[in-house]
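These notes concern the structure reproduced below.
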Amino acid sequence: MSCALALLSAAAHGSSWLIDLAGDVPAALGLVEPAGPGVHDWIGSATAGLPAFEALGVPAAEGMVLIPKGAASPHALVDSARWAELGQYLAACPTRVVVDAGSWLPPPQFLAAAQHQLLVIRPCYLALRRAAASMVVPTGVVVVHEPGRALRAQDVAYAVQAPVVAEISTDPAVARAVDAGLLASRLPRSLAVALSDLAA
């Protein structure tokens, strides 16, 4: 979802950054895994400044720059004051920024700077329990519908105490695009339509 949102943001606004905290973005976009340092390495450095952070970026698609995860472990860096510095910098950045945290919960000092915090979730009872237990209330929820689920979007919104801002139905075209490494060049229409308002 983050890849699609960053691609749509670049198309709508001319440029976007996709910050990959989890490490799945290169594979999802069909890119060669970046070999250099990444965002977690920058966080772990005591000397690297903001120009060094910008230099981490690699072109991922037209108008879109990927800031890769890097080699450092995020779990050893959760208390770093650099998270607050990075969050404030990204919040003031004129470029549209999308952060993909995967299932990892970024430090609160980083989250505090975010203008929006989106939870992407299936209407699954166990997934909703885990989301509620995280004690983080998102500003919006993207619901990924699967066949046979009894829970509805309004049930998800009630459980996590946040509005549903987009709904996506499971689409085999998305899996095919990712498997073929074509997500960046052939974004499935189902994703483009569902996320267009968020990228506007």
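Bear in mind these aren't lab numbers, they're just calculated from the coordinates by the rules spelled out. This one's a predicted model, so the numbers in the text were calculated from it and none came from an experiment. We place every Cβ from the backbone using ideal geometry, glycine too, and count neighbours over all the protein chains shown.
Structural remarks
- For the chain, the mean residue ellipticity at 222 nm estimated from helices alone is -10500 deg cm²/dmol, where every DSSP H run of n ≥ 4 contributes -39500 (n - 2.57) and the total is divided by all residues, rounded to the nearest 500.
- Charge dipole magnitude, Cβ of K and R +1, D and E -1 - the chain, Cα centre, debye nearest 20: 400 debye
- The simple Förster model, with R0 at 41 Å and r as the Cβ-Cβ distance, assigns residue 78 and residue 146 a FRET efficiency of 0.80.
- Fewest-first ranking of 151, 21, using other Cβ atoms within 10 Å as the exposure measure: 151, 21
- Each residue, residue 116 and residue 153, gets one label point 7 Å from its Cα in the Cβ direction; the gap between the two is 1.4 nm.
- Taking other Cβ atoms within 10 Å as a rough exposure proxy, 1, 135 sort from fewest to most as 135, 1.
- Approximate spin-label separation residue 200-residue 103, in nm, with each point projected 7 Å along Cα-to-Cβ: 3.4 nm
- Reported label for calculated percent of Cα pairs over 25 Å apart given (i) 32; (ii) 37; (iii) 45: (ii)
- Taking other C-beta atoms within 10 angstrom as a stand-in for reagent exposure, 54, 62 fall in the order 62, 54, fewest first.
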